[in-house]
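Chemist: Got a structure for you, questions after.
The numbers here are math on the coordinates, done by the rules we state, and not lab data. Source: prediction; values computed, not measured. Here Cβ is always computed from backbone atoms with ideal geometry, including for glycine, and neighbour counts include all displayed protein chains.
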Amino acid sequence: MASQQLLSAPHFSLITKFSPFHPSLLSPPQKLTLFHSTTCPPLQSSSTSRITNLQAVADACSETESNVPTETTALTLRNICQGFVPEHILHRMEEIGFVFPTDIQREALPTLFTGRDCILHAQTGSGKTLTYLLLILSLINPQRSSVQAVVVVPTRELGMQVTKVARMLAAKSTDVEVKGCTVMALLDGGMLRRHKSWLKAEPPAIVVATVASLCHMLEKHILRLDSVKVLVVDEVDFLFYSSKQVGSVRKLLTSFSSCDKRQTVFASASIPQHKHFVHDCIQQKWTKRDVVHIHVSAIKPMPLCLLHKFVVCGKKNKHQILLALLESDAPESAIIFVGEQSEKSKKAGNDPSTTLLIEFLKTSYDGSLEILLLEEDMNFNSRAASLTEIRQGGGFLLVSTDIAARGIDLPETTHIFNFDLPQTATDYLHRAGRAGRKPFSDRKCIVTNLITSEERFVLQRFENELMFSCEELML
């Protein structure tokens with residue numbers, strides 16, 4: 001019954017496939033679609049005409065579609081955001097390179113601008129981060145000294161990435177006398193005393209936080225959510241299905257704040273049993289009753305630029321097979337995913353698979369790629385150092401546990417190697433989605449799985465669930 005109350009998201013059929021965006025959020029571009037020279041008019045600037053403006057965009061797009069295509073036209077992000085997002089931020093957005101909308105931005109932003117709660121459900125690299133940041137920046141008042149938006153993330157690494165994009169967009173403009181929005185990263189490992197002083201001296205307009213750090217601040221009454229207009233939970237399925245964090249997330253949504261006093265946005269590339277999840281959102285009062293589930297690429301959850309392969313090998317020769325693949329594929333940059341060490345293995349005093357693999361590569365791999373490690377057990381400084389080295393340029397071989405699978409954007413990655421198969425199809429989707437994120441490129445990226453013969457049926461289950469096919473390699 002509750003699900004029947006949901007309204008379907010507006011669907012704009014004027015689809016621009018070309019995506020000249022910043023590397024941090026995008027999937028590879030495709031060709032522009034041709035349409036009649038009629039273009040969508042810019043939205044009115046009055047804050048009192050928000051609904052009228054959205055209808056104008058929809059009507060103009062419908063009119064464009066009905067005419068015979070004779071000239072290349074494109075609905076831009078400016079067309080969608082004008083009248084909602086301040087001009088200096090639109091200008092900054094275009095300077096960075098955000099010009100044309102992705103499918104999720106085209107479908108979700110008009111709904112978000114009406115104030116509706118939304119669940120953004122789209123492929124990895126589809127632009128969900130920019131979508132909710134534009135909503136936040138449309139509502140923030142830089143003159144107010146209070147926290148007005150909170151973005152909750154599952155990992156420190158994703159938080160650093162979101163913070164970087166938010167600060168680029170919200171930076172003070174040199175052309176106009178407009179105060180920039182301050183963005184605070186409240187992430188695991190931060191100095192509580194420093195954050196406490198900052199919040200008292202000049203409360204930031206936007207806070208990007210991990211669940212643990214945010215709840216700690218709320219419990220200590222250092223931070224309040226009374227003035228928060230927008231609450232975003234990124235990678236929402238991971239947070240809700242993680243036994244370590246789900247209790248804190250529920251408390252954040254219901255005890256520390258009320259859905260009636262905020263606009264709530266959930267985002268993820270994967271939401272298992274999403275109809276049931278939407279029902280829970282309403283019943284548990286995580287969102288308002290009129291929440292909209294916007295599902296883009298529902299038929300093909302896996303990015304189309306990926307080729308999937310597998311090699312059947314024994315456990316004892318996995319290292320040598322991986323080395324042969326690195327030599328034959330010659331990746332520009334690659335992520336090698338390794339499974340988490342079991343508690344039984346830890347108690348036995350065994351070295352984790354990541355350590356063994358790093359040591360093997362350092363002695364056996366003679367290529368030019370820099371070998372780096374990223375795993376949850378590393379301290380925060382070591383994890384940050386690994387990502388900093390990657391982003392300074394040059395090719396890399398990143399040996400990682402699933403901590404790198406959620407939201408981290410490394411657009412130079414051309415190959416994914418699943419040294420150990422993930423536990424679920426959802427984990428496979430997020431691992432694979434780390435490749436194929438480089439803009440202006442139509443290059444096919446490769447996901448290769450090293451499996452035993454007994455694991456073939458597991459991989460087949462992933463193929464069926466995610467609707468992709470995997471080719472066997474014979475070495």
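Chemist: If the reach is capped at under 22 angstrom between alpha carbons, list the lysines near residue 285, excluding any in the same chain fewer than eight residues apart.
Modeler: Cross-link targets: 229, 244, 251, 261, 275.
Chemist: May I ask for the percentage of alpha-carbon pairs in segment 306-472 that lie more than 23 Å from each other?
Modeler: 36 percent
Chemist: Something else about it: Can you sort 465, 375 so the residue with the fewest Cβ neighbours within 10 Å comes first?
Modeler: Fewest-to-most ranking of 465, 375: 465, 375.
Chemist: Next up: Putting +1 on Lys and Arg Cβ atoms and -1 on Asp and Glu Cβ atoms, find which of 396, 360, 416 reaches farthest to the positive end of the dipole of segment 306-472.
Modeler: My answer, from the dipole projection, is 416.
Chemist: How would 474, 378 line up from fewest to most surrounding beta-carbon atoms within 10 angstrom?
Modeler: The most exposed by this proxy come first: 474, 378.
Chemist: Net charge around residue 312, counting only other residues with Cβ within less than 9 Å of its Cβ (Lys, Arg = +1; Asp, Glu = -1)?
Modeler: Result for the neighbourhood of residue 312: -1.
Chemist: Quick one: which residues, 5+ away or cross-chain, put their amide H under 5 Å from the amide H of residue 233? H built at 1.01 Å from N.
Modeler: It is 152, 265, 266, 267, by chain and number.
Chemist: Excluding same-chain residues fewer than 8 positions from residue 300, which aspartates and glutamates have a Cα within less than 13 Å of its Cα?
Modeler: Of all the aspartates and glutamates, those that pass the test against residue 300 - Cα under 13 Å, at least 8 places apart if same chain - are 463, 465.
Chemist: Which cross-chain or sequence-distant (5 or more) residues have an amide H under 5 Å from the amide H of residue 310, H modelled 1.01 Å from N in plane?
Modeler: The list, which skips near neighbours in sequence, is 449, 471, 472, 473.
Chemist: Ok, one more. Taking R0 as 56 Å, what's the FRET efficiency between residue 197 and residue 309 from their Cβ-Cβ distance, rounded to 0.05?
Modeler: Working from the Cβ atoms, E equals 0.60.
Chemist: If you don't mind, another one. Net charge within 13 Å of residue 435 by Cβ-Cβ distance, Lys/Arg positive one each and Asp/Glu negative one each, not counting residue 435 itself?
Modeler: +3
Chemist: Right, here's the next one. What's the ranking of 213-223, 103-113 by average number of surrounding C-beta atoms within 10 Å, highest first?
Modeler: So the peptides 213-223, 103-113, ranked by packing, come out 103-113, 213-223.
Chemist: Which ³J(HN,Hα) values in Hz, rounded to whole numbers, follow from the phi angles of segment 248-264 under the Karplus curve 6.51 cos²θ - 1.76 cosθ + 1.60, where θ = phi - 60° and Gly and Pro get x?
Modeler: Each residue of segment 248-264 in turn: 5, 5, 4, 5, 4, 7, 10, 8, 7, 7, 10, 4, 6, 9, 8, 9, 10 Hz.
Chemist: If you take the beta carbon distance between residue 474 and residue 298 as r and set R0 to 30 Å, what does 1/(1 + (r/R0)^6) give as a FRET efficiency, to the nearest 0.05?
Modeler: 0.30
Chemist: I've got another one for you. Output ³J(HN,Hα) for segment 116-127: one whole-Hz value per residue in order, computed from phi by the Karplus curve 6.51 cos²θ - 1.76 cosθ + 1.60 with θ = phi - 60°, and x for Gly and Pro.
Modeler: Running phi through 6.51 cos²θ - 1.76 cosθ + 1.60 with θ = phi - 60° gives 6, 5, 9, 10, 8, 10, 8, 3, 4, x, 8, x Hz.
Chemist: How do 168, 467 line up, fewest other C-beta atoms within 10 Å first?
Modeler: 467, 168
Chemist: Report the FRET efficiency, 1/(1 + (r/R0)^6), for residue 280 and residue 146, where r is their Cβ-Cβ distance and R0 is 30 Å, rounded to 0.05.
Modeler: After rounding, the FRET efficiency stands at 0.50.
Chemist: Ok, one more. I need the peptides 395-401, 287-293, 117-123 ranked by packing, meaning the mean over residues of other C-beta atoms within 10 angstrom, with the highest value on top.
Modeler: Top to bottom by mean Cβ count within 10 Å: 117-123, 395-401, 287-293.
Chemist: Go through 82-88, 148-154 and give me the packing order, highest mean Cβ count within 10 Å leading.
Modeler: 148-154, 82-88
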